[in-house]
Structure formats: C-alpha cells, structure tokens
1. Tell me, 105, 8, 128 in order of fewest to most beta-carbon neighbours within 10 Å?
2. Residue separation times 0.36 nm, minus the C-alpha to C-alpha distance between residue 47 and residue 165: what's the value?
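Nothing in this text is a laboratory measurement; each read-out follows from the coordinates by a stated rule. Just so it is clear, the model here is predicted, and its values are computed rather than measured. Here the Cβ positions follow ideal geometry from the backbone for every residue, glycine too, while neighbour counts run over all protein chains shown.
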C-alpha cells in the first residue's frame, strides 16, 4: 500500500547514472505524525536500499493512536509533526539555490542518514550516507555507506520543485497533530 510518490535527485552524468530516490507511503500518527519511506541509492549498476526490514512494500500495520511509544525501530520514517522534516529540507534547498548558503546538510530524526549538497564550480556535489544505527535502537556508529555525485543546477532545481509539489500531496491539511491545537 504505497502512495507511489517517488522523488529523485539525479547526477549530471547520463552514461553511468547515479541517483538518490525516495518512495513515500501514507502518513501515520504515533506520538507525532510520521511519513514512511524507502531510500534508494543508485550508482551505475549498484544499488543500496534503506527500507523497513520486514515491510519493503511500505504497507504499514495499523498504529494505535493512543500510544506514546516512538515509531517502531524497523520503520524508515520522516517526521511531519511536530517537526516537519520535508519542510526543513525544502527550506535548506531554497536557501542553497538562492545562494544564501554554499552547503547544506540534512539529517532527519530517524533513521540515521544524511544528505549533503555543496555548491562547486559548474554545479553541485551531492553526498548521501546511511548507517545501521538509529536513535531508538541504541546503536550509534559513524561507519556507513553512501553515494556521491556531481549534478547540475537544473537537476537540483527540478528536485526542489518536485519536493515542494510532493509535500503538498504528502502533507494534507487534515493531517494535523492534536498536540499542536
């Protein structure tokens, strides 16, 4: 049960394509509002996927809204409320594209992955790292795997526009956390 919403940031090189893609599921409420996702790093014929271990299809079990427990440690989720991580990433990208920043680094609350984008001559250096740890598992490491590639401004602009549009779809006005009211 996937929203079937995919967001991709691609390299400039089309002969050996590298990309970072996110596929999003349906938002759910559990001590905040969370958005499940699958993160895929692709470099040529190589591919790494960060997703729920037992639920790669993004169809999540029903969540008891009364619980105050954090999201299941196997879930790959972005926070939508009270902290909207899609909005944070969108704002960082807008600042980078407006030349108010030379570099951005985005790391969501859960699980542990980082997206860094830096302005370089003729375009942008994109780096994404993932590791096995997260804040709920108690496993913290700096070892991980990742991808880096060069991209052009037009690809970053397209990615930022797509993120802003997908955010409107993924974060509907009815998806409001009761704690904020």
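1. Working: 105 12, 8 15, 128 24.
Listed from fewest to most nearby Cβ atoms, that is 105, 8, 128.
2. 39.9 nm
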